[in-house]
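Structure in structure tokens, see below.
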Amino acid sequence: MVFDSSKLKGLIRERGLTQEDVAEEIDVAYSTFNLKLNGNAFFTQEEIYKISNLFKIPKESFYEYFFTEKV
């Protein structure tokens, strides 16, 4: 199963950040973060929590950002 992270990628760009910025902020190696954003690995619960806090993503929207299946 692969998840669509386009909404999260858009949010990163919208806030004027880079993937490197977010990876550093959530204390994950850039290469690992990139793998997760591109559907080659899964985000951990802790990473989802940190990203949602960083971007103020409400719990009701987690599905949109982290669990929408790629078709």
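Starting from the Cα of Glu64, step 7 Å toward the Cβ, then list every residue of segment 1-22 with an amide N under 20 Å from that point.
Only 3-17 fall inside the zone, counting backbone N under 20 Å.
Can you sort Phe42, Phe55, Phe33 from fewest to most other Cβ atoms within 10 Å of each residue's own Cβ?
With the fewest neighbours first, Phe42, Phe55, Phe33 line up as Phe42, Phe55, Phe33.
A further question follows. For Thr68, what residues show an amide H to amide H distance below 5 Å, using hydrogens built from the backbone and excluding near sequence neighbours?
Asp4
While we're looking at this one, here's another question. Dividing the convex hull volume of the alpha carbon atoms of the chain by its residue count, what do you get in Å³ per residue?
Given the Cα convex hull of the chain, per-residue volume reads 79 Å³.
Further, regarding this structure: Using θ = phi - 60° and the Karplus curve 6.51 cos²θ - 1.76 cosθ + 1.60, what whole-Hz ³J(HN,Hα) does each residue of segment 33-39 get, with Gly and Pro shown as x?
Along segment 33-39, the couplings run 4, 4, 4, 5, 5, 9, x Hz.
Every read-out reported here was derived from the displayed coordinates using simple, explicitly stated rules and does not represent laboratory data. These numbers come from a predicted model, not from an experiment. Backbone-built Cβ (ideal geometry, glycine too); neighbour counts: all protein chains shown.
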